[in-house]
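Right, one structure below, let's go through it.
The values are calculated or read from the model by the stated rules, or taken from the named source; none is laboratory data. All figures in this text were calculated on a predicted structure; none of them were measured in a lab. Here the Cβ positions follow ideal geometry from the backbone for every residue, glycine too, while neighbour counts run over all protein chains shown.
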Amino acid sequence: MNRIPLFVFLCLAPVFLLECPKAEENIWLSIDTQKLQLEIKQGNKTLAVMKNIAIGRNGAGFKQSVGDDITPLGDYKITWVNVNSLFHRFYGFNYPSEKNADQALSAGLLDQQAHAAIIAAHRQHKTPPHSTPLGGRIGIHGLGNADERIHNLVNWTHGCIALTNAQIDRLAPWITDNMRVKIK
């Protein structure tokens, strides 16, 4: 029996997609931390927009440590997925990036060993360790059982990008391994 790929099945179902992804297309995500929106992009073309996203409680910028509640700016890739997350779905980034590690080393926030571990993970195309002073487990996730009214009022995450459960379900068919994510 021939199986239909998941993204094709979801495109045939009555979901909220503007267009459906094609495996050969170079789809990526742009996250605007000022406008609080996520765009699904193909090249310079915007395919879909999700508004009213939430970011870290302390805004976006240079994430300096675990618990600083800052969403890191930069270029990342989706390198791990948890579809059974407490946050409904979780698409994890390869945070900290090499650039994040270099900045932290220069600022005295990372020692040589932690820096080397992050760089080695990137060069081996693996997710960097989440146990360095810069933290980890940064990504895009839903709300799970959280109150959507609060989500619509304040930025509340510890550094991730949060969408409603409906939005994260809408995003799911577009997600691919190593998908590029630009946070600005």
Seminar exercise, completed: Of Gly144, Gly135, Gly159, the only residue that is part of a loop (DSSP other than H, G, I, E, B), in contact with a Leu (Cβ under 9 Å, 6 or more places away or on another chain) and not charged (D, E, K, R) is Gly144
Exercise. Which one is farthest from Asp68 (Cα to Cα) among residues in segment 98-125 that are in a loop (DSSP other than H, G, I, E, B) and at pLDDT 95 or above?
Worked result: Gln124
Exercise. Would it be correct to say that Pro72 is in contact (Cβ under 8 Å) with a residue 12 or more places away in the chain and surrounded by fewer than 19 Cβ atoms within 10 Å (Cβ to Cβ)?
Worked result: no
Exercise. Could you count how many residues in segment 24-47 are under 19 Å from Ala162 (Cβ atoms) and assigned to a strand (DSSP E or B)?
Worked result: 8
For this session: Go over the candidates Ala121, Ala172, Ala166, Ala114 one by one and state the one that is on the phi < 0 side of the Ramachandran plot and under 15 Å from the mean Cα position of the chain (by Cα).
Result: Ala172
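Return the only residue of Thr132, Thr164 being more than 26 Å from Glu39 (Cβ to Cβ) and among the β-branched types (Val, Ile, Thr).
Going through Thr132, Thr164 in turn, the sole match is Thr132.
Across segment 128-137, which residue is farthest from Phe62 (Cα to Cα) among those that are buried (at least 17 other Cβ atoms within 10 Å of the Cβ) and touching a Lys or Arg at 6+ places or on another chain (Cβ under 9 Å)? Give the derivation first.
Restricting attention to segment 128-137, the residues satisfying the condition of being buried (at least 17 other Cβ atoms within 10 Å of the Cβ) are 128, 132, 134-137.
Now narrow it down to the ones that are touching a Lys or Arg at 6+ places or on another chain (Cβ under 9 Å): 134-135.
Working: Leu134: 10, Gly135: 12 Å.
Applying the filter and picking the extreme gives Gly135.
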Exercise. (1) modelled with pLDDT under 95; (2) crowded, with 20+ Cβ neighbours inside 10 Å: which one isn't true of Trp174, the others all being true?
Worked result: (1)
Exercise. Does any residue of segment 95-114 turn out to be in contact with a Ser or Thr (Cβ under 6 Å, 6 or more places away or on another chain), under 30 Å from Asp147 (Cα atoms) and not hydrophobic (A, V, I, L, M, F, W, C)?
Worked result: no
Exercise. Identify, please: which residue in segment 83-105 is among the small types (Gly, Ala, Ser) and within 17 Å of Asn178 (Cβ to Cβ) and is, among those, surrounded by the fewest Cβ atoms within 10 Å (Cβ to Cβ)?
Worked result: Ser97
Exercise. Out of the residues in segment 81-111 that are more than 21 Å from His125 (Cα to Cα) and of a type in the set (Ser, Thr, Tyr), which is nearest to the chain's Cα centre (by Cα)?
Worked result: Ser85
